[in-house]
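Q: Got a structure for you, questions after.
The values are calculated or read from the model by the stated rules, or taken from the named source; none is laboratory data. All values reported here derive from a predicted model rather than from experimental measurement. Using ideal geometry, Cβ is built from the backbone for each residue, glycine included, and neighbour counts are taken over all protein chains shown. Areas reflect the complete protein model, heavy atoms only, side chains present, ligands, DNA and RNA absent. Shrake-Rupley method; radii C 1.70, N 1.55, O 1.52, S 1.80 Å.
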Amino acid sequence: MAKSPETEHPQKAFGWAARDSSGVLSPFNFSRRENGDEDVTIKIHFCGICHSDLHAIKNEWGFAHYPMVPGHEIVGIVMKSGKNVEKFREGDRVGVGVMVGSCMSCDYCNQDLENYCPKMIFTYNSVYHDGTANYGGYSDMIVVDQHFVVRFPDTMPFDAGAPLLCAGVTVYSPMKYYGMTEPGKHLGIVGLGGLGHVAVKIAKAFGLKVTVISHSPGKETEAVDRLGADGFLVSSDPLKIKAAFGSMDYIIDTVSSVHALTPLLALLKPNGKLITLGLPDKPLELPMFPLVLGRKLVGGSDIGGMKETQEMLDFCAKHSITADVEVISMDQVNVAMARLAKSDVRYRFVIDVANSLSK
Amino acid sequence: MVANQPEKENPVPAFGLAARDQSGVLSPFNFSRRATGEKDVKFKVIYCGICHSDLHMIKNEWGTSTYPLVPGHEIVGEVTEVGSQVEKFKVGDRVGVGCIVGSCRSCDNCSNSIENYCPKMILTYAGTYHDGTVTYGGYSDVMVCDEHFVVRVPDALPLDAAAPLLCAGITLYSPLRYYGLDKPGIHLGIVGLGGLGHVGVKFAKAMGAKVTVISTSPAKKQEAIERHGADSFLVSRDQEQMKAAMGTLDGIIDTVSAVHPIMPLIGLLKTHGKLVLVGAPEKPLELPVFPLLMGRKIVGGSCIGGMKETQEMLDFAAKHNITADIEVISADYVNTAMQRLEKGDVKYRFVIDVAKTMQA
């Protein structure tokens, strides 16, 4: 007979889970595996709310399994470390992002690209090597293989640093891979939300000129005065968009709804690159003439490998980069999700798990 | 108002074939070329390839054509005169001109030898030259061109079979280099086995790739493998074949200019794979975003190549004995050739024997 989430494993755990595609989260008793030789058991202090959590709990991508405990921007303190673990000790500040496992033997894993391993295991809404369901960071503790845990820099605040574990690496990785780190080059960032605002900060640290492209005129002051963007374009202002045609070396597109690529491609110089990070639920329309006539390209990117995640955290610590967060208690999570659906957050909710998660 | 008369516009009489209107029918046309300037090279046109773009342009399918239109941008011939400042060429040299005859020569793209991406790039035909006159292409007996936009055709290459390399050749060679798909041992797909595709197979094999041709026509399989040297062949409409080949290709060069689905092509790519389009469908294509992200794949474009690269391509072709497979025709066959080209009935490029058959 199948074991229940509560009895499946020896360590008791408590969190909030969605039960169905309504996405409403509620208290949930479950359990975590025994801390193995390669594992680290972490008491969770904060967990960021990523927009992917919202897509996932509502089954917008069609592969949800319930009950689902979301959360993949997890920071906390090591409580136990397995006998083969050398990197971490009790009391260390650590983080866990979007993955908790991979095959560890394919070409991608061997090149520190665990995120492209065909057997990569997501932190939640997935199945672990032992066949059991994975539950994410909206919970009091988590057990993770040391390979998928990163050290959290001492100088980085826990709450504002948590979102970097997904949002941070998701923008840092393509900036490196697609060569967007040459000082003085011009980067456009589409969408000023969780991903976009972190992208502005990291891009400025790379010495890039940054223009934010957004459908909300109200975000201009924030973008320029507070986040440090050099320019701002309202996507519904055709004259300003046209005036900026052919001015950008690259564009990072963080928008996850279906939207037009034609004006974005026109903003690029010849040989420019448009990198899309959002996951719309339908295909986008891709006009080919601008691609061919200008030798432009559209590329994707998906989080980053473990080595790169650590590198990103260290880079952000060095440049004092964190996310702009609104800290909430766990019982406010459903209200936060409703606000997130309307983009009503500047710019990431972070759940104060340690102080607010009680049975 | 006195309209510019093509015959009187310039001092050097020229004769060619021009389309007069969107019917695209080509007929004899008297016009004139400029006097050989200090930096110009004048040459007798010996052969000119018929590119599919010529067909699109004579019928104004892209909406940019002006008439009368003398097409032709796969032009080879022999130098008859050089301007006083010309250093690279002399009378008697075998030369070629491709898709561009001018650019601004001062922007970043021009300075980096990618004149083909200069915003002021001047096309060999149906363009406007620096002096304000319309450019006329290679379906004509004589060309006058700035030496910067002229390439040497290596002695080892026969002129007729080399002509198509000036557009088809460079159109495939450039993206193979730019997108890093020129490494020995990579597995490359080529979609479409026409003028572009067949030349692409040859270049890719010479660069050491394993090549799979992807086509809608099963009938082309034998040719692809036995004649052009492809390693394998996929029928794109055969779902089982396509499924079995998923995640096997490092790159794909897609030469098809009709609207077609790219999702199955993206599926054929390995993680980090690259789909490069060199044909330009006029309607947008559907781009599925999940596979792009999950596999960090890219979809890019490419358009001909710069002058330095065009010369490099010809020299590479000479070294590896690469020419196009051609059907040489006389000038008076050209309208029939266009009709056959429309139906894909050519193996694999028509080349007009200008020197012997095009006379006023």
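Q: Considering only protein heavy atoms and a 1.4 Å probe, what is the carbon-and-sulfur percentage of the accessible area of segment A:167-300?
A: 57
Q: Rounded to the nearest 20 debye, what is the charge dipole size of the protein assembly as shown about its Cα centre when +1 sits on each Lys and Arg Cβ and -1 on each Asp and Glu Cβ?
A: 40
Q: Hey, what angle do you get for helix B:168-178 against the long axis of chain B, alpha-carbon based, 0 to 90 degrees rounded to 10?
A: 50
Q: Report the antiparallel proportion of the DSSP beta bridges in chain A as a percent, rounded to a multiple of 5. Write out the running numbers ahead of the final one.
A: On the way: 35 of 61 bridges.
So the antiparallel bridges in chain A amount to around 55 percent.
Q: Then there is this: Of the candidates B:Gly200, B:Gly301, B:Gly273, which one comes out as most mobile in a Gaussian network treatment of chain B with C-alpha springs shorter than 10 Å?
A: Highest fluctuation of the listed residues: B:Gly301.
Q: Counting only the heavy atoms of the protein chains, how much of A:Ser102 is accessible to a 1.4 Å probe, in Å² to the nearest 10?
A: About 0 Å², rounded to the nearest 10.
Q: Before we go on, tell me the buried accessible area for the A/B pair, both chains summed, 1.4 Å probe, in Å² to the nearest 100.
A: What A and B bury together is about 3200 Å².
Q: Taking 56 Å as R0, compute the FRET efficiency from the Cβ-Cβ separation of A:Asp154 and B:Gln239 and round it to 0.05.
A: 0.50
Q: Could you list log10 I(q)/I(0) for the protein assembly as shown at q = 0.05 Å⁻¹, which the Debye formula gives when each Cα is one point scatterer?
A: Once normalised to I(0) and log-transformed, intensities are -0.31.
Q: May I ask you to give the solvent-accessible area per residue for chain B, in square angstrom, as obtained with a 1.4 angstrom probe?
A: Values: 14410 Å² over 360 residues.
Normalised by residue count, the accessible surface of chain B is 40 Å².
Q: Going by accessible area, probe 1.4 Å, with all protein chains left in place, what is the ranking of A:Ser173, A:Ser126, largest first?
A: Ranked list, largest accessible area first: A:Ser126, A:Ser173.
Q: Roughly how crowded by other chains is peptide B:254-265, in terms of the mean Cβ count from those chains within 10 Å of each of its Cβ atoms?
A: Mean inter-chain Cβ contacts per residue within 10 Å come to 1.
Q: Which loop GluC sites (Glu not before Pro) in segment A:28-88, with loop taken from DSSP, have no more than 13 other Cβ atoms within 10 angstrom of their Cβ?
A: Within segment A:28-88, the qualifying GluC sites (Glu not before Pro) (loop, at most 13 other Cβ atoms within 10 Å) are A:Glu34, A:Glu86.
Q: Loop only per DSSP, at most 14 neighbouring Cβ atoms within 10 Å: give me the trypsin sites (Lys or Arg not before Pro) in segment B:66-119, ordered by residue number.
A: Sparse-neighbourhood loop trypsin sites (Lys or Arg not before Pro): B:Lys88, B:Lys90, B:Arg105.
Q: Taking the 0 to 90 degree range and rounding to the nearest ten, how far is the long axis of helix B:195-206 tilted relative to the main principal axis of chain B, both from C-alpha atoms?
A: 70
Q: Identify the trypsin sites (Lys or Arg not before Pro) of segment B:232-292 meeting these criteria: DSSP loop state and at most 12 other C-beta atoms within 10 Å of the C-beta.
A: When the trypsin sites (Lys or Arg not before Pro) of segment B:232-292 are filtered for loop state and at most 12 Cβ neighbours within 10 Å, B:Arg237 remain.
Q: Over what distance in Å are the Cα centres of segment A:332-359 and segment A:238-303 separated?
A: Cα centres, segment A:332-359 to segment A:238-303: 31 Å.
Q: Let me ask another. Any idea what the dipole of segment B:162-264 comes to, in debye rounded to 20, about its Cα centre with Lys/Arg Cβ at +1 and Asp/Glu Cβ at -1?
A: 120
Q: Is the shape of segment B:168-301 rounded, prolate or oblate, going by the alpha carbon gyration tensor and its root eigenvalues a ≥ b ≥ c, with a/c under 1.5 for rounded and a/b larger than b/c for prolate?
A: Rounded, since a/c falls under 1.5.
Q: Compute the accessible area of each residue in segment A:288-311 twice, once for its chain alone and once with every protein chain present, using a 1.4 Å probe on heavy atoms, and list those whose area falls by at least 50 Å².
A: A:Met288, A:Phe289, A:Val292, A:Arg295, A:Leu297, A:Val298
Q: Given only helices, namely DSSP H runs of n ≥ 4 each adding -39500 (n - 2.57), what is the per-residue ellipticity at 222 nm of chain B, to the nearest 500 deg cm²/dmol?
A: One gets -6000 deg cm²/dmol as the mean residue ellipticity at 222 nm.
Q: For segment A:229-355, what is the accessible area per residue in Å² when the probe is 1.4 Å? Before the final figure, lay out each step's value.
A: Values: 5030 Å² over 127 residues.
Averaged over the residues of segment A:229-355, the accessible area is 40 Å².
Q: Ordered by packing density, taken as the mean number of other Cβ atoms within 10 Å over each peptide's residues, highest first, how do B:147-158, B:49-60 rank? Could the numbers behind the result be given before it?
A: Numbers: B:147-158: 18.2, B:49-60: 23.5.
With the highest mean Cβ count within 10 Å placed first, the list reads B:49-60, B:147-158.
Q: A follow-up question, please. Counting helices only, and only those DSSP H runs with n ≥ 4, report the 222 nm mean residue ellipticity of chain A as the sum of -39,500 (n - 2.57) divided by its residues, in deg cm²/dmol to the nearest 500.
A: Using -39500 (n - 2.57) per qualifying helix, the result is -6000 deg cm²/dmol.
Q: If you don't mind, another one. Using a basic spin-label model with each label point 7 Å from the Cα along Cα→Cβ, how many nm lie between B:Ser217 and A:Ser22?
A: Inter-label distance under the simple model: 6.0 nm.
Q: Continuing with the same structure: Determine how large the accessible area of A:Thr322 is when every protein chain is in place; take a 1.4 Å probe and give Å² rounded to the nearest 10.
A: Approximately 30 Å² of A:Thr322 is accessible to the 1.4 Å probe.
Q: With each pseudo-label sitting 7 Å past Cα toward Cβ, what's the B:Glu61-B:Asn112 distance in nm, one decimal?
A: Each label point lies 7 Å from its Cα, and together they span 3.1 nm.
Q: Let me ask another. Need one number: % antiparallel among DSSP beta bridges in the protein assembly as shown, to the nearest 5.
A: So the antiparallel bridges in the protein assembly as shown amount to around 60 percent.
Q: Now for a separate question. Please get the size of the charge dipole for chain B, origin at its Cα centre, with Cβ charges of +1 on Lys and Arg and -1 on Asp and Glu, quoted in debye to the nearest 20. Don't skip to the answer; put the middle values down first.
A: Details: 36 positive and 39 negative charges, 166 e Å.
That gives chain B a dipole magnitude of about 800 debye.
Q: Could you order A:Thr181, A:Thr123 so the one with the most accessible surface comes first? Probe is 1.4 Å.
A: A:Thr181, A:Thr123
Q: Give the ranking of A:Glu222, B:Glu312, B:Glu226 by solvent-accessible surface, highest area first, calculated with a 1.4 Å probe.
A: On the way: A:Glu222 35, B:Glu312 85, B:Glu226 140 Å².
Solvent-accessible surface, decreasing: B:Glu226, B:Glu312, A:Glu222.
Q: Short version: which residues of segment A:110-125 lose at least 50 Å² of accessible area, all chains versus chain alone, 1.4 Å probe?
A: Buried-area filter returns A:Tyr116.
Q: What is the Cα convex hull volume of chain B when expressed per residue in Å³?
A: Hull volume normalised by residue count: 138 Å³.
Q: Also, I was wondering about something else. What FRET efficiency do you get for A:Glu60 and B:Cys104 if R0 is 45 Å and r is their Cβ-Cβ distance, rounded to the nearest 0.05?
A: That gives a FRET efficiency of 0.40.
Q: Go through segment B:98-134 and flag every residue whose accessible area shrinks by 40 Å² or more with all protein chains in place compared to the isolated chain (probe 1.4 Å).
A: Flagged in segment B:98-134: B:Tyr117.
Q: Separate question: Quick one: of the DSSP bridges fully inside chain B, what percent are antiparallel, nearest 5?
A: 55
Q: Enter the angle in degrees (range 0 to 90, nearest 10) between the Cα long axis of helix B:307-319 and the first principal axis of the Cα atoms of chain B, meaning the one along which they spread out most.
A: Between the helix axis and the principal axis of chain B, the angle is about 70 degrees.
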